[in-house]
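Following: one structure in structure tokens, then a few remarks.
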Amino acid sequence: MLGFTVVGSFWLEFIFKVGVLRRLKRVALSILPVAVIFLIWDYYAVASGHWFFDEKQVVGIYGPAGVPLEEFLFFIIVPLAALMTIEAVRAVKKHWKFGDEQ
Amino acid sequence: MTYTQLALTMTLVAILFDLYGTRSKIVTRKSFWNAYGIMLFFQLITNWWLTSRGILTYADDAITGMRIAAAPVEDLFFGFAMITMTISLWIYWGKKGVQRN
């Protein structure tokens, strides 16, 4: 699923030259605070039994609080795909407002 | 709190964060909703994959039971909240002059 998200979105980086990956500082400042909030949510959800991961279908590397490696990557890769998507829309619709124009 | 309550709460938090926290106001712009529509399409595919193959399972008492593409409807709110907060921050830093281009 993570592979599909990478394949489905990262081509935008090259075709539309959205330049998300080279703006690492802005990426980190946008993704990491949100990732922390959602990892806490994820931890709470697993601890409360809201959802379960199939142990046979994860690579088996677990971080703090028993959160699988895939879940950490999820909170990096999915938001990265989101940033590429909004920047790709900007590349196609140059006259639209995005809120950070000068 | 159940997943349903958390998902709705975080959706509200994300919208308030965008309007009054970062003041990016992306939820008022068609540029954001256009991008969200694209992402929603792909989320439905990945949700279906993760849920129908049993990679993720959900507790019946934590969700309403309403499902779209095999996954609980709550997942769409979870995704919306995460994506909205991330893009709202991205626009906020851009407006501040952090790596504008």
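Values quoted throughout were computed directly from the atomic coordinates according to the rules given, and no laboratory measurement underlies them. As the structure is a prediction and not an experimental result, all values here were calculated from the model. Note: ideal-geometry Cβ built from the backbone for every residue, glycine included; neighbour counts use all protein chains shown.
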*chymotrypsin sites (Phe, Trp or Tyr not before Pro), restricted to chain A: which are DSSP loop and have at most 14 other Cβ atoms within 10 Å?*
A:Trp96
*asked:* Tell me the angle of helix B:30-52 to the major Cα principal axis of chain B, expressed in degrees between 0 and 90 and rounded to the nearest ten.
replied: 30 degrees
*May I ask you to list the lysines whose Cα is less than 19 Å away from that of B:Lys95, ignoring any residue fewer than eight positions away on the same chain?*
A:Lys25, A:Lys93, A:Lys94, A:Lys97, B:Lys25, B:Lys30
_Could you check the spin-label model distance between B:Asp60 and B:Trp48? Points 7 Å from the Cα along Cα→Cβ, value in nm._
2.5 nm
*Using amide H atoms built 1.01 Å from N in the peptide plane, name the residues 5+ places from B:Ile68, or on other chains, whose amide H lies under 5 Å from its own.*
B:Val73
*Report, largest value first, the span of the C-alpha coordinates of chain A along each principal axis, in whole Å.*
46, 26, 22
*Helix B:74-95 sits at what angle to the longest principal axis of chain B, using alpha carbons and giving 0 to 90 degrees rounded to 10?*
10 degrees
*Mind checking segment A:1-62 for trypsin sites (Lys or Arg not before Pro) that DSSP puts in a loop (not H, G, I, E or B) and that have at most 14 other Cβ atoms within 10 Å?*
A:Lys17, A:Arg22
*For A:Ala91 and A:Val36, calculate 0.36 nm times their separation in residues minus their Cα-Cα distance, and state this gained length in nm to one decimal.*
16.9 nm
*Round to the nearest 0.05 the FRET efficiency obtained for B:Tyr20 and A:Val7 when R0 = 41 Å and r is the Cβ-Cβ distance.*
0.65
_Going by Cα centres, segment B:54-77 and segment A:17-36 are how many Å apart?_
29 Å
*Fewest to most neighbouring Cβ within 10 Å: what's the order for B:Asp61, A:Asp100, B:Asp75?*
B:Asp61, A:Asp100, B:Asp75
*asked:* Rounded to the nearest 20 debye, what is the charge dipole size of the protein assembly as shown about its Cα centre when +1 sits on each Lys and Arg Cβ and -1 on each Asp and Glu Cβ?
replied: 1340 debye
*How big is the protein assembly as shown by Rg and Dmax over its Cα atoms, in Å?*
16.6, 50
*For chain A, what's the relative contact order in percent, using C-alpha pairs closer than 8 Å and at least 6 residues apart?*
42 percent
_Quick check on the exposure proxy: order B:Ile68, B:Ile83, A:Ile31 from fewest to most C-beta atoms within 10 angstrom._
B:Ile68, A:Ile31, B:Ile83
*Under a point-charge model restricted to the Cβ atoms of Lys and Arg (+1) and Asp and Glu (-1), what is the dipole moment magnitude of segment B:3-95 relative to its Cα centre, in debye to the nearest 20?*
520 debye
*asked:* Test of understanding: ordering B:Lys30, B:Lys25 by Cβ neighbours within 10 Å, fewest first, what list do you get?
replied: B:Lys30, B:Lys25
_Rounded tilt (10° steps) of A:24-47 against the dominant C-alpha axis of chain A_ = 30 degrees
*Taking Cα pairs under 8 Å and at least six residues apart, what relative contact order does chain B come out at, in percent?*
43 percent
*What's the FRET efficiency of A:Phe14 with A:Ile76 using the Cβ-Cβ distance as r and R₀ = 22 Å, to the nearest 0.05?*
0.70
